[in-house]
Amino acid sequence: MTDPVSPNSDFNDSPSPENTDTPTEAVRRSSLARGLSSTAVFGAGDLAETPIHYGAPLREQRVLVEKDGLVDLAHLRVLRLSGPDRLTWLNSITTQKIDSLAPGVSTETLVLDPNGRIEGWLKLIDDGEALWAISDLNTDATLDFLRKMVFMMRVEIEDLSDDYQCFGAITALSETLPVTRTWSDPWPHIGSGSASYAQIDIGHGVAGTDHPGLETPFVIGIVKRSDLQGLSANSFDMAGFDAWEALRIAAWRPGRNEIDHKALVGELDLLRTAVHLAKGCYRGQEAVARVHNLGQPPRRLTFVHLDGSGHIAPDPGTEVLAEVRGSERSVGTLTSVTVHWELGPIGLAVVKRNLAPESQLSFEIGDGERVIGAQETIVVPMRDHERVLPERNRDVDARSQNR
(Lines give C-alpha, C1' and ligand atoms only; values in the text may rest on other atoms or scores of the structure.)
Protein backbone atom coordinates (compact mmCIF):
# COMPACT_ATOMS: atom_id res chain seq x y z
CA MET A 1 0.00 0.00 0.00
CA THR A 2 1.15 3.50 -0.77
CA ASP A 3 0.92 7.01 0.56
CA PRO A 4 -1.49 8.51 -2.01
CA VAL A 5 0.57 11.68 -2.35
CA SER A 6 3.29 10.01 -4.46
CA PRO A 7 1.83 7.22 -6.58
CA ASN A 8 4.11 7.59 -9.60
CA SER A 9 7.62 6.81 -8.45
CA ASP A 10 7.83 3.29 -9.86
CA PHE A 11 6.26 3.78 -13.29
CA ASN A 12 8.29 3.11 -16.42
CA ASP A 13 8.15 3.67 -20.16
CA SER A 14 6.20 0.47 -20.83
CA PRO A 15 2.75 -0.92 -20.08
CA SER A 16 4.25 -4.35 -19.44
CA PRO A 17 5.99 -5.44 -16.21
CA GLU A 18 9.37 -5.24 -17.95
CA ASN A 19 10.77 -1.93 -19.18
CA THR A 20 11.41 -2.03 -22.92
CA ASP A 21 14.48 0.18 -22.57
CA THR A 22 17.81 -1.61 -22.60
CA PRO A 23 20.19 -1.22 -19.61
CA THR A 24 22.38 0.96 -21.81
CA GLU A 25 19.50 3.34 -22.51
CA ALA A 26 18.61 3.58 -18.80
CA VAL A 27 22.22 4.40 -17.86
CA ARG A 28 22.50 6.93 -20.68
CA ARG A 29 19.50 8.93 -19.55
CA SER A 30 20.22 8.77 -15.84
CA SER A 31 23.73 10.17 -16.42
CA LEU A 32 22.60 13.24 -18.34
CA ALA A 33 23.50 16.62 -16.89
CA ARG A 34 20.26 18.40 -15.99
CA GLY A 35 19.97 22.12 -16.60
CA LEU A 36 17.64 22.83 -13.67
CA SER A 37 18.72 21.63 -10.25
CA SER A 38 16.74 21.63 -7.03
CA THR A 39 16.13 19.76 -3.80
CA ALA A 40 13.18 17.92 -5.35
CA VAL A 41 12.27 14.33 -4.56
CA PHE A 42 12.98 12.27 -7.69
CA GLY A 43 11.30 9.12 -8.93
CA ALA A 44 12.66 5.69 -9.80
CA GLY A 45 13.22 3.80 -13.02
CA ASP A 46 12.80 6.05 -16.05
CA LEU A 47 11.56 8.78 -13.67
CA ALA A 48 14.94 8.94 -11.94
CA GLU A 49 15.61 12.32 -13.58
CA THR A 50 12.05 13.63 -13.04
CA PRO A 51 11.10 15.60 -9.90
CA ILE A 52 8.09 13.83 -8.38
CA HIS A 53 7.36 16.62 -5.91
CA TYR A 54 9.00 19.52 -4.11
CA GLY A 55 7.60 18.73 -0.67
CA ALA A 56 4.02 19.99 -1.09
CA PRO A 57 2.19 18.08 -3.86
CA LEU A 58 -1.26 19.58 -3.17
CA ARG A 59 0.08 23.13 -3.16
CA GLU A 60 1.99 22.37 -6.34
CA GLN A 61 -1.27 21.49 -8.08
CA ARG A 62 -2.58 24.95 -7.25
CA VAL A 63 0.68 26.45 -8.48
CA LEU A 64 0.14 24.71 -11.82
CA VAL A 65 -3.45 25.86 -12.13
CA GLU A 66 -3.26 29.36 -10.70
CA LYS A 67 0.34 30.59 -10.95
CA ASP A 68 1.71 29.42 -14.31
CA GLY A 69 3.68 26.64 -12.65
CA LEU A 70 6.30 24.62 -14.52
CA VAL A 71 6.82 20.83 -14.45
CA ASP A 72 10.15 19.21 -15.32
CA LEU A 73 9.23 16.24 -17.59
CA ALA A 74 12.76 14.97 -18.08
CA HIS A 75 11.58 11.39 -18.72
CA LEU A 76 9.81 12.28 -21.97
CA ARG A 77 11.72 11.34 -25.12
CA VAL A 78 12.14 13.82 -27.97
CA LEU A 79 12.22 12.63 -31.59
CA ARG A 80 12.51 14.58 -34.84
CA LEU A 81 11.34 13.38 -38.24
CA SER A 82 12.65 15.32 -41.23
CA GLY A 83 12.47 14.96 -44.99
CA PRO A 84 9.83 15.91 -47.59
CA ASP A 85 7.87 12.65 -47.12
CA ARG A 86 7.63 12.81 -43.32
CA LEU A 87 3.93 13.72 -43.12
CA THR A 88 2.53 11.44 -45.81
CA TRP A 89 4.72 8.57 -44.61
CA LEU A 90 3.70 8.80 -40.94
CA ASN A 91 0.08 9.30 -42.04
CA SER A 92 0.19 5.92 -43.78
CA ILE A 93 1.36 3.89 -40.76
CA THR A 94 -0.32 5.51 -37.74
CA THR A 95 -3.86 6.38 -36.66
CA GLN A 96 -4.10 10.15 -37.14
CA LYS A 97 -4.48 12.13 -40.36
CA ILE A 98 -1.12 13.85 -40.61
CA ASP A 99 -0.55 14.31 -44.34
CA SER A 100 -2.09 17.79 -44.28
CA LEU A 101 -0.89 18.83 -40.82
CA ALA A 102 -0.18 22.56 -40.84
CA PRO A 103 2.94 23.97 -39.17
CA GLY A 104 2.28 24.91 -35.56
CA VAL A 105 -0.78 22.66 -35.16
CA SER A 106 -0.53 20.05 -32.39
CA THR A 107 -1.94 16.55 -32.62
CA GLU A 108 -1.22 13.01 -31.46
CA THR A 109 -1.11 9.64 -33.15
CA LEU A 110 -0.88 5.99 -32.15
CA VAL A 111 1.09 3.00 -33.39
CA LEU A 112 -1.15 -0.09 -33.30
CA ASP A 113 -0.49 -3.77 -33.75
CA PRO A 114 -2.46 -5.67 -36.44
CA ASN A 115 -5.23 -6.36 -33.89
CA GLY A 116 -5.69 -2.69 -33.03
CA ARG A 117 -3.87 -2.78 -29.69
CA ILE A 118 -1.86 0.29 -28.72
CA GLU A 119 1.92 -0.13 -29.02
CA GLY A 120 3.20 3.45 -29.36
CA TRP A 121 1.96 6.98 -28.74
CA LEU A 122 3.42 10.16 -30.24
CA LYS A 123 2.57 13.80 -29.52
CA LEU A 124 3.29 15.75 -32.71
CA ILE A 125 4.06 19.32 -33.76
CA ASP A 126 5.42 20.24 -37.20
CA ASP A 127 7.46 23.39 -37.80
CA GLY A 128 7.38 23.36 -41.61
CA GLU A 129 10.79 21.70 -41.88
CA ALA A 130 10.60 18.83 -39.40
CA LEU A 131 8.02 16.95 -37.38
CA TRP A 132 8.77 16.92 -33.65
CA ALA A 133 7.46 13.97 -31.63
CA ILE A 134 7.25 13.50 -27.86
CA SER A 135 7.03 9.93 -26.55
CA ASP A 136 6.90 8.14 -23.19
CA LEU A 137 5.38 4.81 -24.22
CA ASN A 138 7.56 1.98 -25.58
CA THR A 139 9.77 4.55 -27.26
CA ASP A 140 12.57 2.22 -28.30
CA ALA A 141 10.13 -0.27 -29.83
CA THR A 142 8.31 2.60 -31.59
CA LEU A 143 11.57 3.90 -33.02
CA ASP A 144 12.47 0.43 -34.24
CA PHE A 145 9.10 0.09 -35.98
CA LEU A 146 9.33 3.53 -37.61
CA ARG A 147 12.83 2.92 -38.91
CA LYS A 148 11.80 -0.43 -40.40
CA MET A 149 8.92 1.25 -42.24
CA VAL A 150 10.92 3.99 -44.00
CA PHE A 151 11.82 1.86 -47.05
CA MET A 152 12.40 4.26 -49.99
CA MET A 153 10.61 7.25 -48.43
CA ARG A 154 12.55 10.48 -47.95
CA VAL A 155 12.44 10.49 -44.16
CA GLU A 156 15.13 10.78 -41.50
CA ILE A 157 14.43 9.84 -37.88
CA GLU A 158 16.49 11.20 -34.99
CA ASP A 159 16.30 10.54 -31.26
CA LEU A 160 17.23 13.90 -29.73
CA SER A 161 16.59 12.95 -26.11
CA ASP A 162 20.23 13.61 -25.19
CA ASP A 163 20.01 17.19 -26.47
CA TYR A 164 16.43 18.20 -25.62
CA GLN A 165 14.08 17.75 -22.70
CA CYS A 166 10.45 18.62 -22.00
CA PHE A 167 8.65 20.89 -19.56
CA GLY A 168 4.92 21.04 -18.92
CA ALA A 169 2.48 23.76 -17.90
CA ILE A 170 -1.20 24.62 -17.97
CA THR A 171 -2.33 27.01 -20.74
CA ALA A 172 1.09 28.55 -21.45
CA LEU A 173 4.78 28.12 -20.62
CA SER A 174 6.82 30.79 -18.91
CA GLU A 175 8.17 33.38 -21.34
CA THR A 176 11.59 33.09 -19.69
CA LEU A 177 11.91 29.43 -20.64
CA PRO A 178 13.89 29.10 -23.92
CA VAL A 179 11.38 26.85 -25.71
CA THR A 180 12.26 25.41 -29.13
CA ARG A 181 8.78 23.98 -29.89
CA THR A 182 5.50 23.91 -27.96
CA TRP A 183 2.93 21.12 -28.11
CA SER A 184 -0.61 22.06 -27.05
CA ASP A 185 -2.73 19.11 -25.99
CA PRO A 186 -5.83 18.73 -28.21
CA TRP A 187 -7.64 16.95 -25.36
CA PRO A 188 -10.60 16.85 -24.90
CA HIS A 189 -11.67 18.41 -28.20
CA ILE A 190 -13.02 16.03 -30.84
CA GLY A 191 -10.98 16.24 -34.02
CA SER A 192 -12.35 16.28 -37.54
CA GLY A 193 -13.03 12.71 -38.62
CA SER A 194 -12.87 11.50 -35.03
CA ALA A 195 -15.49 10.51 -32.46
CA SER A 196 -16.15 10.54 -28.73
CA TYR A 197 -16.92 7.43 -26.67
CA ALA A 198 -17.52 9.50 -23.53
CA GLN A 199 -20.98 9.61 -22.03
CA ILE A 200 -20.70 13.34 -21.36
CA ASP A 201 -20.59 14.25 -25.06
CA ILE A 202 -21.33 11.12 -27.08
CA GLY A 203 -23.30 11.81 -30.24
CA HIS A 204 -22.01 15.38 -30.50
CA GLY A 205 -19.27 16.77 -32.67
CA VAL A 206 -17.71 18.78 -29.85
CA ALA A 207 -16.69 18.11 -26.28
CA GLY A 208 -19.47 18.57 -23.74
CA THR A 209 -19.29 21.89 -21.94
CA ASP A 210 -18.96 20.07 -18.60
CA HIS A 211 -16.05 17.88 -19.70
CA PRO A 212 -13.38 18.38 -16.99
CA GLY A 213 -10.60 18.31 -19.56
CA LEU A 214 -11.64 21.77 -20.75
CA GLU A 215 -10.45 23.23 -17.44
CA THR A 216 -6.80 22.21 -17.84
CA PRO A 217 -5.27 22.81 -21.28
CA PHE A 218 -1.92 21.04 -21.03
CA VAL A 219 1.11 22.31 -22.94
CA ILE A 220 4.56 20.74 -23.27
CA GLY A 221 7.63 22.68 -24.31
CA ILE A 222 10.67 21.11 -25.97
CA VAL A 223 13.82 22.84 -24.72
CA LYS A 224 17.42 22.43 -25.79
CA ARG A 225 19.43 21.28 -22.80
CA SER A 226 22.32 23.63 -23.55
CA ASP A 227 19.90 26.58 -23.39
CA LEU A 228 19.10 25.68 -19.77
CA GLN A 229 22.61 26.38 -18.57
CA GLY A 230 22.58 29.30 -16.18
CA LEU A 231 18.88 28.96 -15.37
CA SER A 232 17.77 28.04 -11.87
CA ALA A 233 14.64 26.27 -10.68
CA ASN A 234 14.30 29.17 -8.26
CA SER A 235 13.42 31.38 -11.23
CA PHE A 236 10.20 29.43 -11.83
CA ASP A 237 7.18 28.28 -9.86
CA MET A 238 8.10 24.60 -10.01
CA ALA A 239 5.65 21.73 -9.54
CA GLY A 240 6.36 18.01 -9.49
CA PHE A 241 5.20 15.22 -11.75
CA ASP A 242 2.68 14.12 -9.09
CA ALA A 243 0.89 17.45 -9.52
CA TRP A 244 0.89 17.04 -13.31
CA GLU A 245 -0.55 13.53 -12.96
CA ALA A 246 -3.23 14.70 -10.53
CA LEU A 247 -4.51 17.25 -13.04
CA ARG A 248 -4.35 14.68 -15.83
CA ILE A 249 -6.45 12.21 -13.87
CA ALA A 250 -8.98 14.89 -12.91
CA ALA A 251 -9.24 15.82 -16.62
CA TRP A 252 -10.14 12.19 -17.50
CA ARG A 253 -7.07 12.26 -19.72
CA PRO A 254 -5.72 8.74 -20.35
CA GLY A 255 -1.95 8.35 -20.09
CA ARG A 256 0.59 5.59 -20.38
CA ASN A 257 -0.60 4.14 -17.07
CA GLU A 258 -3.90 3.19 -18.68
CA ILE A 259 -2.26 1.24 -21.51
CA ASP A 260 -1.51 -2.44 -21.09
CA HIS A 261 -0.76 -5.18 -23.60
CA LYS A 262 -4.40 -5.37 -24.76
CA ALA A 263 -5.49 -1.70 -24.70
CA LEU A 264 -7.78 -0.57 -27.54
CA VAL A 265 -8.41 3.03 -28.53
CA GLY A 266 -12.17 2.81 -27.93
CA GLU A 267 -11.70 1.62 -24.36
CA LEU A 268 -9.86 4.81 -23.40
CA ASP A 269 -11.84 7.39 -25.46
CA LEU A 270 -8.68 8.08 -27.47
CA LEU A 271 -10.48 8.31 -30.81
CA ARG A 272 -11.39 11.91 -30.04
CA THR A 273 -7.80 13.17 -30.31
CA ALA A 274 -5.59 10.41 -31.73
CA VAL A 275 -7.57 8.61 -34.45
CA HIS A 276 -9.07 9.66 -37.80
CA LEU A 277 -11.80 7.24 -38.84
CA ALA A 278 -11.78 7.85 -42.60
CA LYS A 279 -8.21 8.62 -43.63
CA GLY A 280 -7.22 5.38 -45.31
CA CYS A 281 -5.48 2.21 -44.18
CA TYR A 282 -2.82 1.77 -41.50
CA ARG A 283 -1.80 -1.18 -39.34
CA GLY A 284 -4.71 -2.01 -37.00
CA GLN A 285 -7.22 0.13 -38.92
CA GLU A 286 -9.57 -2.77 -39.65
CA ALA A 287 -9.85 -3.63 -35.96
CA VAL A 288 -10.58 -0.02 -35.03
CA ALA A 289 -13.26 0.26 -37.74
CA ARG A 290 -14.87 -3.05 -36.79
CA VAL A 291 -15.33 -2.03 -33.15
CA HIS A 292 -16.48 1.46 -34.08
CA ASN A 293 -19.02 0.42 -36.73
CA LEU A 294 -20.20 -2.99 -35.54
CA GLY A 295 -19.23 -3.75 -31.97
CA GLN A 296 -18.35 -2.45 -28.52
CA PRO A 297 -14.92 -2.22 -26.83
CA PRO A 298 -14.57 -5.02 -24.24
CA ARG A 299 -13.44 -2.63 -21.48
CA ARG A 300 -14.05 0.99 -20.59
CA LEU A 301 -12.23 3.78 -18.79
CA THR A 302 -13.96 5.04 -15.66
CA PHE A 303 -13.23 7.80 -13.17
CA VAL A 304 -13.08 6.67 -9.54
CA HIS A 305 -13.82 8.67 -6.39
CA LEU A 306 -11.99 6.91 -3.53
CA ASP A 307 -12.89 6.90 0.15
CA GLY A 308 -10.18 8.97 1.77
CA SER A 309 -11.16 8.46 5.39
CA GLY A 310 -8.32 5.99 5.97
CA HIS A 311 -5.68 8.31 4.47
CA ILE A 312 -4.28 5.35 2.49
CA ALA A 313 -4.79 4.79 -1.23
CA PRO A 314 -4.44 1.54 -3.18
CA ASP A 315 -1.48 1.19 -5.48
CA PRO A 316 -1.82 1.60 -9.24
CA GLY A 317 -2.27 -1.88 -10.65
CA THR A 318 -4.60 -2.98 -7.83
CA GLU A 319 -7.49 -5.19 -8.90
CA VAL A 320 -10.92 -3.58 -9.03
CA LEU A 321 -13.48 -5.69 -7.15
CA ALA A 322 -17.26 -5.46 -7.48
CA GLU A 323 -20.32 -7.59 -6.90
CA VAL A 324 -21.32 -9.43 -10.05
CA ARG A 325 -24.25 -11.86 -10.06
CA GLY A 326 -24.26 -12.17 -6.30
CA SER A 327 -20.54 -12.63 -5.66
CA GLU A 328 -17.51 -10.36 -5.53
CA ARG A 329 -15.27 -10.63 -8.55
CA SER A 330 -12.35 -8.92 -10.23
CA VAL A 331 -13.72 -6.54 -12.86
CA GLY A 332 -10.65 -4.55 -13.91
CA THR A 333 -7.56 -2.65 -12.81
CA LEU A 334 -6.97 0.64 -11.03
CA THR A 335 -4.48 2.30 -13.37
CA SER A 336 -3.82 5.75 -11.85
CA VAL A 337 -4.22 7.09 -8.31
CA THR A 338 -3.73 10.53 -6.78
CA VAL A 339 -4.98 13.00 -4.20
CA HIS A 340 -6.44 16.07 -5.91
CA TRP A 341 -6.30 19.41 -4.16
CA GLU A 342 -10.06 19.90 -4.60
CA LEU A 343 -11.53 16.44 -5.30
CA GLY A 344 -9.57 14.43 -2.75
CA PRO A 345 -8.50 10.82 -3.50
CA ILE A 346 -9.31 9.97 -7.12
CA GLY A 347 -8.18 7.59 -9.81
CA LEU A 348 -8.75 6.11 -13.23
CA ALA A 349 -9.61 2.47 -13.78
CA VAL A 350 -10.10 0.22 -16.79
CA VAL A 351 -13.04 -2.11 -16.08
CA LYS A 352 -15.20 -4.59 -17.94
CA ARG A 353 -17.60 -2.80 -20.27
CA ASN A 354 -20.72 -4.48 -18.88
CA LEU A 355 -19.99 -3.54 -15.27
CA ALA A 356 -22.99 -1.49 -14.08
CA PRO A 357 -22.00 2.19 -13.67
CA GLU A 358 -23.71 2.30 -10.28
CA SER A 359 -21.70 -0.66 -8.93
CA GLN A 360 -19.64 0.08 -5.84
CA LEU A 361 -15.95 -0.69 -6.26
CA SER A 362 -13.48 -1.91 -3.66
CA PHE A 363 -9.70 -2.20 -3.56
CA GLU A 364 -7.56 -4.31 -1.24
CA ILE A 365 -4.71 -2.44 0.44
CA GLY A 366 -3.30 -5.27 2.54
CA ASP A 367 -3.91 -6.79 6.00
CA GLY A 368 -7.53 -7.38 5.11
CA GLU A 369 -8.22 -3.66 4.70
CA ARG A 370 -10.11 -2.23 1.77
CA VAL A 371 -10.80 1.14 0.19
CA ILE A 372 -14.23 1.77 -1.33
CA GLY A 373 -14.72 3.67 -4.58
CA ALA A 374 -17.58 5.09 -6.61
CA GLN A 375 -17.63 5.32 -10.41
CA GLU A 376 -18.17 8.36 -12.58
CA THR A 377 -18.71 7.13 -16.13
CA ILE A 378 -16.23 8.24 -18.78
CA VAL A 379 -16.56 5.73 -21.63
CA VAL A 380 -20.19 4.76 -22.04
CA PRO A 381 -20.97 1.04 -21.42
CA MET A 382 -23.12 0.73 -24.56
CA ARG A 383 -22.63 2.99 -27.55
CA ASP A 384 -24.98 3.42 -30.51
CA HIS A 385 -23.12 2.98 -33.76
CA GLU A 386 -22.50 6.02 -35.89
CA ARG A 387 -25.39 6.68 -38.28
CA VAL A 388 -23.39 9.09 -40.44
CA LEU A 389 -19.76 8.15 -40.99
CA PRO A 390 -17.06 10.66 -42.01
CA GLU A 391 -16.41 10.82 -45.72
CA ARG A 392 -13.43 8.93 -47.13
CA ASN A 393 -10.20 10.75 -47.69
CA ARG A 394 -10.26 10.48 -51.48
CA ASP A 395 -6.64 11.57 -51.75
CA VAL A 396 -5.59 8.17 -50.41
CA ASP A 397 -8.69 6.03 -51.00
CA ALA A 398 -9.69 6.02 -54.66
CA ARG A 399 -12.11 3.08 -54.49
CA SER A 400 -15.34 3.51 -56.46
CA GLN A 401 -14.82 7.21 -57.06
CA ASN A 402 -16.39 6.98 -60.51
CA ARG A 403 -19.61 5.41 -59.29
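Calculated [222 nm] ellipticity per residue, helices only, for the chain: -4000 deg cm²/dmol; basis is -39500 (n - 2.57) per DSSP H run with n ≥ 4, divided by all residues, nearest 500. When Rg and the Kirkwood radius Rh are both evaluated on Cα atoms of the chain, their ratio Rg/Rh stands at 0.96. When peptides 336-347, 243-254, 169-180 are sorted by average Cβ neighbour count within 10 Å, with the highest value leading, the order is 243-254, 336-347, 169-180. A cut-off under 15 angstrom between Cβ atoms defines the neighbours of Glu66, and their net charge, with Lys, Arg +1 and Asp, Glu -1, is -2.
Per-atom-type breakdown for the chain gives carbon and sulfur 49% of the accessible area (1.4 Å probe, protein chains only). For the residue pairs Lys97/Lys123; Lys148/Lys224; Lys97/Lys224, alpha carbon separations beyond 21 Å are given by Lys148/Lys224; Lys97/Lys224. Based on protein heavy atoms only, the range 298-386 ends up with 46 Å² per residue of surface accessible to a 1.4 Å probe.
Site pair Glu158 and Met382 shows an inter-label distance of 5.4 nm when each label is modelled 7 Å from Cα along Cα→Cβ.
Report the FRET efficiency, 1/(1 + (r/R0)^6), for His189 and Asn115, where r is their Cβ-Cβ distance and R0 is 25 Å, rounded to 0.05.
Calculated value: 0.35.
Working from label points 7 Å from Cα in the Cα-to-Cβ sense, the Asp315 to Ala102 distance is 4.8 nm.
Gain on full extension, evaluated as 0.36 nm per residue between Ile372 and Glu358 minus their Cα-Cα distance, stands at 3.7 nm. Full extension of the chain segment joining Ala172 with Lys262 gains 28.9 nm, where the gain is 0.36 nm per residue of separation less the Cα-Cα distance. The gain in end-to-end length when the Asp307 to Phe151 segment is fully stretched comes to 50.8 nm, 0.36 nm per residue minus the alpha carbon separation.
The values are calculated or read from the model by the stated rules, or taken from the named source; none is laboratory data. Quick caveat, the model's predicted, so the values are computed rather than measured. Methodologically, a virtual Cβ is constructed for each residue, glycine included, from the backbone with ideal geometry; neighbour enumeration extends over all protein chains shown. For the accessible areas, the whole protein counts, side chains as well, though only heavy atoms, and no ligand, DNA or RNA atoms are used. Shrake-Rupley method; radii C 1.70, N 1.55, O 1.52, S 1.80 Å.
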